[in-house]
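Any read-out appearing in this document is the output of simple, stated calculations on the displayed coordinates, not a laboratory observation. Remember, predicted model here, so these are calculated numbers, not experimental data. Cβ: placed from backbone, ideal geometry, glycine included. Neighbour counts: every protein chain shown.
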Amino acid sequence: MSLLRGRPLVAGVLLLVLAAVVAFAAPRYATAPVRIVIDATPITSFDDRDPSRVRFGDLEFRGGLALESKHPAFGGISGLHVEPGGNRFIAVTDKGSWLRGRIIYRNGRPTGIADAEMAPVLGSDGRPLAARGWYDTESLAERDGVLYVGIERVEQIVRFDYRRDGLLARGKPISVPADFKTLTYNKSLECVAAPQQGSLAGELIAVSEHSLDGAGNLRSFLIGADHVTRFSIKRTEDFDVSDCTIIPPDDLLLLERRFSIVRGIGMRMRRVPLSSLKEGAVLDGRSMIEADLGYQIDNMEGISIHRTAGGETIITVVSDDNFSVLQRSLLLQFAVVGR
């Protein structure tokens, strides 16, 4: 009799324990922007072997920062947009967070980060995209106050009205080609660019990280409102694409990385003319800069271009530290001085 009477109590206790375990184990996602502190250590030279050197290929090193923060969501910076003038920026991390702030300069060189905030990237329902498994947010492009985020593993591009809603903007997936689903898993949407002028204005460019066509080149797409143009970017010297942007007037600037046990990590920026882009084309371009671990690089994953008040074109690149104590979150800036 007492055993029968005790069963409901035992069951209730077990249910409470189970609920507590599930609640403890379930991931918790922030729902609003939070201010964070970023400690920035200036990087004054790019070449560890010759600190006096400033010219590298077509670029001139203007300085950099090694970034650290105690905020648990900080790290994994994978996409970047620097606003005109070069002060404000917004970035996306590969665990589904926004990061925005202000770059502080002294004599044209970055010296710190101020007014930093982080927030979850939200879906159309107002819930964090990461909560539905859309957390591998790897690429970022901006056009007219609208942000486009490429998400690996689910092969989606999501649109955000950032000018209107800021960090609370809700993402709306855009229509993408059905053959996005045939891209190599975890080797796809590392590059999304949004041309703002010229013949490609209003369209999106997507270049895969390491999804290869039959000739071993990088599968790429031009996505318009009512059409898709499939083309390839020639893959050379074992480099894969980690991001891209448009460099004026209308070329594609690729940020590329290489990793091997023998050669270690490498970074390259390659300028690819888009004038011959058409169905089935294989595009190639020349390197603007190439660097190995003898330089101040890490896992470089995000790139953006802005113009200064003085008319200079500045390239900013950032690295993804993979949330590892063995890697660094870097922000590096270069001025374009060659063509």
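Taking Ser45 and the conditions (1) assigned to a loop (DSSP other than H, G, I, E, B); (2) farther than 15 Å from Leu332 by Cα; (3) hydroxyl-bearing (Ser, Thr, Tyr), which numbered condition does it fall short on, given that it satisfies the others?
(2)
What are the pairs, 6+ residues apart or on separate chains, where a residue within segment 253-267 that is over 10 Å from Ser242 (Cα atoms) has its Cβ under 6 Å from a residue that is basic (Lys, Arg)?
Hits for this filter: Leu253/Arg271; Gly266/Arg258.
Filter segment 96-143 for residues that are over 19 Å from the mean Cα position of the chain (by Cα) and under 22 Å from Ala66 (Cα atoms) and give the result.
Ile104, Tyr105, Arg106, Asn107, Gly108, Arg109, Pro110, Thr111, Gly112, Ala114, Asp115 - these are the residues of segment 96-143 that are over 19 Å from the mean Cα position of the chain (by Cα) and under 22 Å from Ala66 (Cα atoms).
Condition check: in contact with a strand residue (DSSP E or B) (Cβ under 8 Å, 6 or more places away or on another chain) and loosely packed, with under 14 Cβ neighbours inside 10 Å. Does Glu279 satisfy that?
Yes; evaluated as a whole, the condition is true for this residue.
Please go through segment 157-179 and pick out each residue that is buried (at least 20 other Cβ atoms within 10 Å of the Cβ) and free of Cβ contacts under 8 Å to residues at least 40 places away in the same chain.
Val158, Phe160
So if I check each of Ile103, Ile90, Ile157, which one is in contact with a Gly (Cβ under 8 Å, 6 or more places away or on another chain), in a strand (DSSP E or B), closer than 20 Å to Ala193 by Cα and of a type in the set (Val, Ile, Thr)?
Ile157
Could you please find all residues in segment 297-339 being outside any loop (DSSP other than H, G, I, E, B), over 25 Å from Asp250 (Cα atoms) and among the aliphatic types (A, V, I, L, M)?
The answer is Leu330, and nothing else.
Scanning segment 189-224 for residues that are outside any strand (DSSP E or B) and of a type in the set (A, V, I, L, M), which turns out farthest from the chain's Cα centre (by Cα)?
Residue satisfying both the conditions and the ranking: Ala215.
Filter segment 60-95 down to the residues that are within 25 Å of Arg271 (Cβ to Cβ) and either aromatic (Phe, Trp, Tyr) or without any contact (Cβ under 8 Å) to a residue 24 or more places away in the chain (or both) and list them by number.
Within segment 60-95, Phe61, Phe89 qualify.
List the residue pairs whose Cβ atoms are under 6 Å apart, where the first residue sits in segment 38-59 and is closer than 16 Å to Ile315 by Cα, the second is small (Gly, Ala, Ser) and surrounded by fewer than 17 Cβ atoms within 10 Å (Cβ to Cβ), and the two are 6 or more positions apart or on different chains.
Asp58/Gly338
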